[in-house]
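A.B. asks: Structure below; questions to follow.
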Amino acid sequence: MQIIKTKAELQQCVAACKRQNKSIGLVPTMGALHEGHASLIKRSVSENEVTFVSVFVNPTQFNNKEDLEKYPRNLNRDAELLASIKADFIFAPEPEEMYTPEEMNTRFQFDFGGLDQVMEGKMRPGHFNGVVQVVSKLFQLVQPDKAYFGEKDFQQLAIIRRMVSVMHFDLQIIGCPIVREDSGLALSSRNERLSHDEKQTAVNISRILFQSRDYALTHSVAQTQQWVVDSINAVEGLEVEYYEIVDQTTLLPVSDFSHAIGCVTVYCGPVRLIDNIKYNG
């Protein structure tokens with residue numbers, strides 16, 4: 001496995017793969033890798049001849065400087081995991097390698113078709129501009145046949161699919177299911193910031209989401225939404241930022257559960273966690 005630090009070296013590696021007509025998979029990450037990431041990478045390795053994994057904490061998608069500074073980083077540990085699951089290349093650039101000073105200080109412009117006006121986009125203005133900025137750069141550099149994203153970041157996945165359509169990228173986006181601990185807690189790099197007690201508290205998020213499926217059988221969307229918020233807030237140490245039940249494609253509010261997904265953001269102490277649950281498939 002090779003660690004690449006520059007765009008020039010990355011493009012040389014990609015060109016060599018293209019000359020050999022090898023299929024390329026890409027898994028964009030911000031590092032602090034866990035079994036959730038590993039599931040994406042294993043799928044890419046199984047479906048492509050070459051797998052590139054980016055490990056880059058992207059500064060342009062953070063609207064909270066403190067959150068950026070606290071984001072966990074451990075490239076050596078990440079590299080050990082990636083080698084064990086047979087990824088071929090790690091692209092781990094510094095911000096100065098990815099962006100010019102102007103790019104770092106100017107919001108990337110993109111027509112989200114309204115997908116950025118709800119949930120994460122509403123709470124974190126500019127976040128998805130940074131996501132589209134960095135992912136579009138990675139797609140241009142790696143030219144993958146397939147790119148893999150986790151469904152835990154469901155709004156991000158919907159926006160990436162739109163980006164591929166709007167910007168005419170010739171690749172397939174593969175959405176991969178949420179990976180959970182045995183307790184039900186969705187795996188996240190942010191879990192590293194939870195104390196042992198906070199982690200036990202956070203388990204209640206997924207527990208309540210799963211219970212809401214049964215609740216939804218006999219209650220309306222609005223009633224279910226309010227029940228989830230009240231139930232999570234009733235747990236000491238948890239505070240809901242939002243819980244929205246929306247259409248899985250448009251992310252717009254729904255009146256029934258036929259194609260619905262519930263997306264939640266919860267503060268567990270100072271740590272902001274996200275999760276989601278699909279209703280009726």
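Just so you know, all these numbers are worked out from the coordinates, no wet-lab data involved. These numbers were taken from a predicted model, which means no experiment stands behind them. For neighbour counting, all protein chains shown are included, and Cβ atoms are generated from backbone atoms with ideal geometry for every residue, glycine included.
A.B. asks: Peptides 237-244, 87-94: what's the order by average Cβ count within 10 Å, highest mean first? Present the calculation step by step, with values, prior to reporting the outcome.
C.D. replies: On the way: 237-244: 18.0, 87-94: 20.5.
So the peptides 237-244, 87-94, ranked by packing, come out 87-94, 237-244.
A.B. asks: State, as an integer percentage, the relative contact order of the chain based on alpha-carbon contacts under 8 Å between residues 6 or more apart.
C.D. replies: It comes to 17 percent, rounded to a whole number.
A.B. asks: Positive end of the charge dipole of the range 23-124 (Lys, Arg +1 and Asp, Glu -1 on Cβ, about the Cα centre): tell me which of L33, F89, P101 has its Cα farthest that way.
C.D. replies: Checking the options against the dipole of the range 23-124, the answer is L33.
A.B. asks: Nearest 10 degrees, 0 to 90: what angle lies between the long axis of helix 75-84 and the longest principal axis of the chain (Cα atoms)?
C.D. replies: 80
A.B. asks: Tell me, how many Å apart are the Cα centres for the range 152-181 and for the range 48-114?
C.D. replies: Rounded to whole Å, the Cα centres lie 16 Å apart.
A.B. asks: Next up: Under 14 Å from the Cβ of L238, count the other residues' Cβ atoms, weight Lys and Arg +1, Asp and Glu -1, and hand me the total.
C.D. replies: So the environment of L238 carries a net charge of -4.
A.B. asks: For the range 188-234 and the range 1-45, what is the centre-to-centre distance using only Cα atoms, to the nearest Å?
C.D. replies: 34
A.B. asks: Cα axis of helix 7-19 to longest principal axis of the chain: angle in degrees, 0 to 90, nearest 10?
C.D. replies: 80
A.B. asks: Sort 247-260, 108-121 by the packing proxy (mean of other Cβ within 10 Å over each peptide's residues), most packed first.
C.D. replies: Sorting 247-260, 108-121 by mean packing, highest first, produces 108-121, 247-260.
A.B. asks: On a 0 to 90° scale, report how tilted helix 127-142 is relative to the longest principal axis of the chain, with both axes built from alpha carbons and the result rounded to the nearest 10.
C.D. replies: It is inclined by approximately 30 degrees.
A.B. asks: Moving on. Out of the DSSP beta bridges found with both residues in the chain, what percent are antiparallel (nearest 5)?
C.D. replies: 50
A.B. asks: Quick check on my link table: of K42/K146; K122/K146; K42/K278; K22/K86; K70/K152, which ones sit more than 18 Å apart, alpha carbon to alpha carbon?
C.D. replies: K122/K146; K42/K278; K70/K152, as the Cα separations exceed 18 Å there.
A.B. asks: Which entry in (i) 19.0, 58; (ii) 18.2, 56; (iii) 21.0, 89 matches Rg and Dmax of the Cα atoms in Å derived from the coordinates of this structure?
C.D. replies: (i)
A.B. asks: Could the peptides 228-236, 97-105 be put in order, highest first, of the mean number of other beta-carbon atoms found within 10 Å of their residues?
C.D. replies: 228-236, 97-105
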